[in-house]
Amino acid sequence: MTETPESRAGVTDVDLSGTTALVTGSTSGIGREAALSLGRLGADVLVHGRDETAGNEVVDELVDAGSDARFVEADFASIEDVNALAETVRTETSELDVLLNNAGGLFRTGRLTDAGVEYTFHVNHLAPYLLTTNLLGHLAPDARVVTTASEAHRGAQPNWDAVTSVDDYSTFGAYSRSKLANIQFSIELAHRLDAADDEITSNALHPGAIPGSGFARFLPGPIPRAMQLLDGLPFVTSVDDGAAALVNLAASDRLEGVSGRYFDQQQIRTPSSAALDPDSQHDLWTRSAEFLDIDVPLSEASTQG
Ligand SMILES: NC(=O)c1ccc[n+]([C@@H]2O[C@H](COP(=O)([O-])OP(=O)(O)OC[C@H]3O[C@@H](n4cnc5c(N)ncnc54)[C@H](OP(=O)(O)O)[C@@H]3O)[C@@H](O)[C@H]2O)c1
């Protein structure tokens, strides 16, 4: 029998009929395979990315599998696009049961976005922060928010100068910092939801080292091709196994109520001490709102009354 992400996650008996999932970054890689898997389990799926052709191919496969699917285009470097994506979700679905914050990548050249923020940090962290907090009122009471981080976070410490300047830009430095932010965001969200007596869960994960996805495509010269050649070797993770890690967090009954955790593929793992620092998590949450010029979401003031 062919192995699928849902069989690798042990959730083939889960029925997601009547639920809706948004999978960001599902035009390619692990997001694509996770979106298809959730569709096979019965979910209606919103496919997201910038590549409309690739997005519509995923939608066609989902529709063939019986899912009510559509593609929504949004560039995560644009605040306007992310807000428009949230608005589309609000107007076209009754509520959202699964939000997979998966879009992201490794970017060769340093530049600042219109928000004055380094591009990698903006796309990989600020955009999912904005999308999630914008959609909070539209999430089902038992919704699951899952954020794709990386073991690359272990090399990073918060550095606000590097988030607002590209003078000393390093591709891997910027990537690691953004993935540290993914974990801190996910844990801080879990704490704030819990403090508001909300049952929505929030977890982050490392999906594995996956050379077979489109991950390296923005890197120079022969690197993307060399990465693809590693695909299939025993010490690397397949795209389906990476997708299984996402599907596990989105659908497994075993994880009901589990929140504020970091997973290495399908196992709970302790992230770096920087990721677990509560002051730093709080700082990231409030500074992210400042960058976006929005009220601090799930603050004591916003949850009172
Ligand atoms: N591959 C690995 O080894 C690895 C390891 C650890 C963590 N991760 C994480 O896993 C996630 C998925 O990556 P992948 O490996 O599956 O790579 P991928 O095949 O390149 O997929 C990345 C997805 O993100 C979307 N995306 C990238 N930039 C975007 C932007 N500016 N606006 C909107 N969407 C954007 C892409 O869509 P469009 O091209 O259509 O815009 C694509 O659907 C990422 O968060 C990555 O950091 C990957």
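From Ala86, Ala35, Ala65, Ala74, which residue is surrounded by fewer than 17 Cβ atoms within 10 Å (Cβ to Cβ), among the aliphatic types (A, V, I, L, M) and at pLDDT 95 or above?
Working: Ala86 fails: surrounded by fewer than 17 Cβ atoms within 10 Å (Cβ to Cβ); Ala35 fails: surrounded by fewer than 17 Cβ atoms within 10 Å (Cβ to Cβ); Ala74 fails: surrounded by fewer than 17 Cβ atoms within 10 Å (Cβ to Cβ).
Being surrounded by fewer than 17 Cβ atoms within 10 Å (Cβ to Cβ), among the aliphatic types (A, V, I, L, M) and at pLDDT 95 or above holds for just one of Ala86, Ala35, Ala65, Ala74, which is Ala65.
Could you tell me which residue of the range 101-117 is least open to solvent (accessible area, probe 1.4 Å), considering only residues that are within 19 Å of Phe215 (Cβ to Cβ) and more than 10 Å from the ligand (Cβ to nearest atom)? Break it down into steps so the answer makes sense when it comes.
Of all residues in the range 101-117, those within 19 Å of Phe215 (Cβ to Cβ) come to 101-110.
Now drop any that are not more than 10 Å from the ligand (Cβ to nearest atom), which leaves 108-110.
Values: Arg108: 137, Thr109: 99, Gly110: 25 Å².
Across the range 101-117, the extreme among qualifying residues is Gly110.
Here are some residues: Asp295, Asp277, Asp264, Asp240. Which one is at pLDDT 95 or above, closer than 15 Å to Ala34 by Cβ and charged (D, E, K, R)?
Asp240
Somewhere in the range 187-209, is a residue within 12 Å of the ligand (Cβ to nearest atom) and at positive phi?
yes
Show the residue pairs meeting these rules: Cβ distance below 6 Å; 6+ apart or different chains; first residue within the range 281-295 and open to solvent by less than 30 Å² (accessible area, probe 1.4 Å); second residue at pLDDT 95 or above and among the polar types (S, T, N, Q).
What qualifies is Gln281/Gln184; Leu284/Gln184.
Which numbered condition in (1) under 16 Å from the mean Cα position of the chain (by Cα); (2) open to solvent by 20 Å² or more (accessible area, probe 1.4 Å); (3) not aliphatic (A, V, I, L, M) is the only one that Asp253 fails?
Going through the list (1) under 16 Å from the mean Cα position of the chain (by Cα); (2) open to solvent by 20 Å² or more (accessible area, probe 1.4 Å); (3) not aliphatic (A, V, I, L, M), Asp253 breaks only (1).
Kindly evaluate Val146 against the criterion of being touching a Lys or Arg at 6+ places or on another chain (Cβ under 7 Å), surrounded by 18 or more Cβ atoms within 10 Å (Cβ to Cβ) and either free of Cβ contacts under 8 Å to residues at least 24 places away in the same chain or not in a helix (DSSP H, G or I) (or both). Working first, answer last.
Details: touching a Lys or Arg at 6+ places or on another chain (Cβ under 7 Å): no; surrounded by 18 or more Cβ atoms within 10 Å (Cβ to Cβ): yes; either free of Cβ contacts under 8 Å to residues at least 24 places away in the same chain or not in a helix (DSSP H, G or I) (or both): yes.
No: the conditions fail for Val146.
Just checking, which of Thr93, Thr109, Thr132 is among the hydroxyl-bearing types (Ser, Thr, Tyr), touching a Ser or Thr at 6+ places or on another chain (Cβ under 6 Å) and touching a residue at least 40 places away in the same chain (Cβ under 8 Å)?
Thr93
The values are calculated or read from the model by the stated rules, or taken from the named source; none is laboratory data. As the structure is a computational prediction, the values presented were derived from the model and not from experiment. Cβ: placed from backbone, ideal geometry, glycine included. Neighbour counts: every protein chain shown. Calculation scope for accessible area: heavy atoms of the full protein, side chains included, ligands and nucleic acids excluded. Shrake-Rupley method; radii C 1.70, N 1.55, O 1.52, S 1.80 Å.
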